[in-house]
Amino acid sequence: MSARRVHRVAAAIAALLVAATACGAPVNGSGGAAPSAKAAVDPNGRLVVGTVAVPTGFDPHQERTAGERPYTFLVFDRLTKLDQSMRAQPMLATAWKFSSDGLSMTMDLRADVRFHDGTPFDATVVQANIERAKTLKGSTSANKLTAVKSVEVVSPAQVRFLLSTPSPELPQVLSGPPGAMISPKAINAQADLVKDPGLAGTGPYTVATFVPSERVVFARAAGQNWDRQAGRLAELEVRFVQDGRTRSSALRANELDVSYVDPADSSAVKEAEALGGSGQFVHQHTPSGVANALLMRSSLLKDARVRQAVVRAINRDAIVKGLLQGTCARSDQLVREGFPGHIDGFTDPYPYDPEAARRLLAEAGHGSGMDLEIFFIAGRQQIPEAVQQQLLQVGIRAQLTPLTSVEAFTAYRSDKAETWNYQITPDTSVGATLDNVLSPTGLGGQSKAVAAALTKARATLDDAGRDRAYQDAMRALADEAFFVLYCHLDAHYLTAKSVIGFDTAPLPYAQYMLDLRYVAQAKL
């Protein structure tokens, strides 16, 4: 970086330190004037959604990326679903109960459900689907079901999951692809659901057109869906549109009815707020559990004192309230307020303290400073440049390396990147999220303390006790300093004023995750 560039960025950081005290956090809700929830629905309505989720296939048990879910969830219902607080709620299952020893879970099922091919949904279908998810070659659900030994049919409307170890988060796990139900006709025929789901689902829509990595057109499924409030559009098109400006232009040209707004781009969020405030569109924003963070690979940065020094060297308030203009919710812990595992009154073990950062570096043998490489996705240099200047103040000379998202992802997870300025996306349960933090193919954290706390949490059967145990795991995680957490992102979208029910669509565990089953167009 040139001396002129260094001076310019340093000046910007100084300004941010002043701005940090002047900006507030975002208020969740909607801007603009959307139709009332009681507005008349156009039964022939058509909706076009522009998103960054990529349609690559429709077999839920062979999911390649979570970006498939906004597409597969419209076709394949799951046994449970998650509410906005990441708690499991009934879907195709109506209730569940664990045995006193935690080694079985009995689940009651809906009796009024049929697949699009006419096959009734019952306990034998659940048994066949869980077996498929566990044993199918290439299954990406199998590792989520390792605790499930087998599924026993108790009656047509009741099954019992037999477990090798207590798995109190199984209801949350079954809200994702492992709990997706596929017609036994398709299973027996070994249908290629990746390319064509056909009539194998029970969801409100079937697939009319699928152009891989480009778009999917859904048609309302024939007959009355078991969920009477779902499937309110005659046709729904979901398009992958990677570029934010292209999405914005398409929305303004009435080519899109819904446009995803990148929450990591503060200027895009501010533009969405302005458009919502103008009344031209509706700005929809809801909390997500996604954390904006600098990830540190502990297999490369093995000395915890170095990681702690990095955390203490970064003024996160300046970044969030100044640089990001308060467009995300400042936080010192992995779990957002209102989600399981969040700690009320949490004390940050490593608050901003440049002097302490210098002492830690000296204790670690870097009294004269050290070099560090920060990987980031090309075009997203705003935060890395700010971090670079803050680290320099304590003697850490950071080199910035821009890569494509795939290159950065690969470099970090293959131990070729010390740090990565990116995000931490939660899984459907706290335990699964921590598994990803500790996994070599996830964040790569190496901690016996966190692993022990996680094991204890999973052995706790009552909800309140398990939440307390997960809070202990989160404290242990914070002590390890595996990442510098800036803030939690909100999910942001702009919608046409005719769109009804979009507030039901965003799912809390990813800012791009949608279930559009209840969305409709107002009848004009």
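The values are calculated or read from the model by the stated rules, or taken from the named source; none is laboratory data. Given the structure is predicted, the values throughout are model-derived calculations rather than measurements. Ideal geometry is used to build each Cβ from the backbone, glycine not excepted, and the neighbour counts take in all protein chains shown. Calculation scope for accessible area: heavy atoms of the full protein, side chains included, ligands and nucleic acids excluded. Shrake-Rupley method; radii C 1.70, N 1.55, O 1.52, S 1.80 Å.
Below is a table of values for the structure above.
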{"quantity": "Calculated P(r) tail over 21 Å for the stretch 363-490, as whole % of Cα pairs", "calculated": "50"}
{"quantity": "Normalised contact order of the chain, rounded percent, pairs of Cα under 8 Å and 6 or more residues apart", "calculated": "23"}
{"quantity": "Of the GluC sites (Glu not before Pro) in the stretch 232-325, those whose Cβ has at most 16 other Cβ within 10 Å and which sit in DSSP loop", "calculated": "Glu255"}
{"quantity": "Per DSSP, loop trypsin sites (Lys or Arg not before Pro) in the stretch 166-241 with at most 10 further Cβ within 10 Å", "calculated": "Arg228"}
{"quantity": "Rounded percent of accessible protein surface that carbon and sulfur make up, the chain, 1.4 Å probe", "calculated": "51"}
{"quantity": "Kirkwood estimate for the stretch 286-382, i.e. one over the average of 1/r between Cα atoms, Å", "calculated": "15.3"}
{"quantity": "Considering only the chain, percent of DSSP beta bridges that pair antiparallel, nearest 5", "calculated": "75"}
{"quantity": "Table column - 3J(HN,Hα) (Hz), the stretch 57-65, Karplus curve with 6.51, -1.76, 1.60, x for Gly and Pro", "calculated": "x, 10, 7, x, 7, 10, 4, 7, 9"}
{"quantity": "Degrees between helix 354-363 axis and first principal axis of the chain (Cα, 0 to 90, nearest 10)", "calculated": "80"}
{"quantity": "Table column - 3J(HN,Hα) (Hz), the stretch 119-136, Karplus curve with 6.51, -1.76, 1.60, x for Gly and Pro", "calculated": "5, x, 8, 8, 4, 5, 5, 4, 4, 5, 6, 5, 5, 4, 4, 7, 10, 4"}
{"quantity": "Average accessible surface area per residue within the chain, 1.4 Å rolling probe, Å²", "calculated": "41"}
{"quantity": "Magnitude of the charge dipole, the stretch 388-513, Cβ model with Lys/Arg +1 and Asp/Glu -1, debye to 20", "calculated": "160"}
{"quantity": "Amide H contacts under 5 Å for Phe375, placed H, 5+ residues apart", "calculated": "Thr401, Thr419, Trp420, Asn421"}
{"quantity": "Alpha carbon convex hull of the stretch 140-242, volume per residue in cubic angstrom", "calculated": "161"}
{"quantity": "Amide H contacts under 5 Å for Arg330, placed H, 5+ residues apart", "calculated": "His488"}
{"quantity": "Hull shadow area, averaged, the stretch 237-304 [alpha-carbon convex hull, nm²]", "calculated": "7.0"}
{"quantity": "In the stretch 300-351, trypsin sites (Lys or Arg not before Pro) in a DSSP loop with at most 11 other beta-carbon atoms within 10 Å", "calculated": "Lys302"}
{"quantity": "Shape metrics for the chain, restricted to C-alpha atoms - Rg then Dmax, Å", "calculated": "23.8, 74"}
{"quantity": "For the stretch 200-217, Karplus couplings with θ = phi - 60° (6.51, -1.76, 1.60), whole Hz, Gly/Pro x", "calculated": "8, x, 10, x, x, 10, 10, 8, 8, 9, 10, 10, x, 6, 9, 6, 9, 10"}
{"quantity": "Degrees separating the helix 463-480 axis from the principal Cα axis of the chain, which is the longest one", "calculated": "30"}
